[in-house]
Amino acid sequence: MTFFEQLHHLDKDVTLAINSVSSQAGDFVWMAFSNKYIWFALYAAVFVFLIRNTGWKKALVSTAAIVLTIVLCDQLGNVCKDFFQRLRPCCDLDMLGRGLRVLDPPYSRIEYGFYSAHAANAMGFAVSSIMAFKNDRRRNYGTYNVCITVWALLVGLSRVFVGKHFFGDVCAGFVAGIVIALAIGFLANRINGRIK
């Protein structure tokens, strides 16, 4: 067995271990974290706080950076899914046979899932917003930074709990989100540094 095959088997085992932890209340929470539409109020609140704390010009640059980060995370995710063609666990007969719980059924029998765009988008949003609030040097955003990072981690993990992604898909999504957000956030902060 090659290294990549061993890694894939380990990923399956870890995914099943996480996915098997269940309760009625827990399933409701994971479905909520997995629902991207629920979080629009959070995005709007961050935008409002950006305007209030950094000024509308810097807030517009930061918001554009956040939106661009999410678009790139999402579209790169689609490219990776088509390129790697790794089945989602909810479409993998081996995973289903081993007892995978599927709370969010697939749209078709064949869907690809590497990497998790949900995880990338959430982490990209978290890192981008953390970088955006660095433009306000008068306040300490330590609590926000911790809370938004935990939120992003829970959004990513929710995809394993609902059966849509392998744990490895989620980890790769986190890495993609962080890298893209750092690159775009760095450029945005350079621009914001010139705005008075």
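The values are calculated or read from the model by the stated rules, or taken from the named source; none is laboratory data. Here the structure is a predicted model, which is why all the values come from computation and not from measurement. Glycine also receives a Cβ, built like all others from the backbone with ideal geometry; neighbour counts cover every protein chain displayed. Heads up: the accessible areas ignore ligands, DNA and RNA and are worked out on the full protein's heavy atoms, side chains in. Shrake-Rupley method; radii C 1.70, N 1.55, O 1.52, S 1.80 Å.
Quick notes
- Filtered by the rule that a residue be among the small types (Gly, Ala, Ser), farther than 12 Å from Ile178 by Cα and either crowded, with 21+ Cβ neighbours inside 10 Å or at pLDDT 95 or above (or both), the range 118-153 gives a lone residue, Ala132.
- Search result, residues across the range 141-157 that are under 12 Å from the mean Cα position of the chain (by Cα) and not β-branched (Val, Ile, Thr): Trp151, Ala152, Leu153, Leu154, Gly156, Leu157
- Hey, Asn192 surrounded by fewer than 24 Cβ atoms within 10 Å (Cβ to Cβ), touching a residue at least 60 places away in the same chain (Cβ under 8 Å) and under 19 Å from Phe47 (Cβ atoms) or not: yes
- Criterion violated by Ser108 - all others in (1) touching a Cys at 6+ places or on another chain (Cβ under 7 Å); (2) surrounded by fewer than 17 Cβ atoms within 10 Å (Cβ to Cβ); (3) within 20 Å of Ser34 (Cα to Cα) satisfied: (1)
- Val160 being under 11 Å from the mean Cα position of the chain (by Cα) and either under 30 Å from Gly55 (Cβ atoms) or touching a residue at least 24 places away in the same chain (Cβ under 8 Å) (or both): no
- Residues within the range 108-132 that are without any contact (Cβ under 8 Å) to a residue 24 or more places away in the chain and in contact with a Leu (Cβ under 8 Å, 6 or more places away or on another chain), tallied: 1
- Identity of the residue in the range 1-32, touching a residue at least 24 places away in the same chain (Cβ under 8 Å) and hydroxyl-bearing (Ser, Thr, Tyr), that ends up least open to solvent (accessible area, probe 1.4 Å): Thr15
- Checked against the criteria, Leu153 does not count as within 23 Å of Gly55 (Cα to Cα), assigned to a helix (DSSP H, G or I) and not aromatic (Phe, Trp, Tyr).
Okay, residues lined up against (1) within 27 Å of Pro106 (Cα to Cα); (2) modelled with pLDDT of 95 or more; (3) of a type in the set (S, T, N, Q); (4) open to solvent by 90 Å² or more (accessible area, probe 1.4 Å):
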position: Asn53; (1), (2), (3), (4): no, no, yes, no
position: Trp56; (1), (2), (3), (4): no, no, no, yes
position: Leu68; (1), (2), (3), (4): no, yes, no, no
position: Gln85; (1), (2), (3), (4): yes, yes, yes, yes
position: Pro89; (1), (2), (3), (4): yes, yes, no, no
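- Verdict on Phe186 being within 30 Å of Asp13 (Cβ to Cβ), at pLDDT 95 or above and open to solvent by 20 Å² or more (accessible area, probe 1.4 Å): no
- Residues of the range 161-196 that turn out to be assigned to a helix (DSSP H, G or I) and touching a His at 6+ places or on another chain (Cβ under 9 Å), as a count: 3
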